[in-house]
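Q: Below you will find the structure I want to go over with you.
Any read-out appearing in this document is the output of simple, stated calculations on the displayed coordinates, not a laboratory observation. Since we're looking at a predicted model, the values are computed, not measured.
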Amino acid sequence: MRMSPLCSFTPRLLHPRGSHTAVGTFVPPCPPLDPEKVKELQRFILLSKRLLVITGAGVSTESGIPDYRSEKVGLYARTDRRPIQHVDFVRSAKIRQRYWARNFVGWPQFSSHQPNAAHLTLSSWERLGKLYWLVTQNVDALHTKAGSRRLTELHGCMHRVLCLHCGVQTPRQALQDRFEALNATWEAKAHGVAPDGDVFLTEDQVYSGYKFILAAHEKKLPIAILNIGPTRSDQFACLKLDFRCAELLPLIAPQ
């Protein structure tokens, strides 16, 4: 049985409730759906026996979460802010304090995001037995909210916090409640939330998901990529589609 890595819905493809930001704000322009391309993806899915799907920031932009690198609409294009690096976070209490202050401000908005049609479609494919496994580079928990269970979160999830000293895991909302109790008089305003839930925080160039594509290519497995704009995996794909995930995936009959 062959395993077909489907799509790296990576940084090309989050809208909080109550926000005035339109969901489409963070989605790059793309052409109208091409019926022939839809048929090609339909055929790819039908022929796949053990379907592996890899998602990145692009699958969540239609939920109102910005990605980092999309031309004109990504956070890198719209701001000059850069991430707090993990090595700096670990070595400096002051940097950790700054990180959590920003995260505290951004959490209510970030945690309110809901799955879009792409997340829900992938979840339905799992229930039908078509999707063998889902790997995501995202930390927004939208796949889990959509009902996906056969899931690996490569970079963890912002809805869970792990203590660096004792390893205890805490729900992020519980930590938020503690922050609020300890900082009752502190106020700050968020000017936009990044894909990892921080106010203007960003992430490093993601490589881990790309390694799955390389492994699939080495095994000569078929690869399809659904992503608005080019990706560094395009050369390995037998099918490349530049459309919105939430617009195209619901049109595909998985069986």
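Q: What are the ³J(HN,Hα) couplings of the stretch 25-41, residue after residue, when phi is run through the Karplus curve with 6.51, -1.76, 1.60 and θ = phi - 60°? Round to Hz, x for glycine and proline.
A: Result, rounded to whole Hz: 4, 9, 9, x, x, 8, x, x, 4, 9, x, 5, 5, 4, 5, 5, 5.
Q: May I pose another question? Give the long-range amide H neighbours of residue 161: residues separated by 5 or more places, or on another chain, with amide H under 5 Å away, using H modelled in the peptide plane at 1.01 Å from N.
A: Hits under the 5 Å cutoff: 170, 172.
Q: Please list the non-local residues whose amide H lies under 5 Å from the amide H of residue 241, H modeled 1.01 Å from N, same-chain partners needing a gap of 5 or more.
A: Counting only residues 5 or more places away or on other chains, the set is 225, 226, 227.
Q: How many angstrom separate the Cα center of the stretch 229-255 from the Cα center of the stretch 83-100?
A: Between the Cα centres of the stretch 229-255 and the stretch 83-100 lies a distance of 36 Å.
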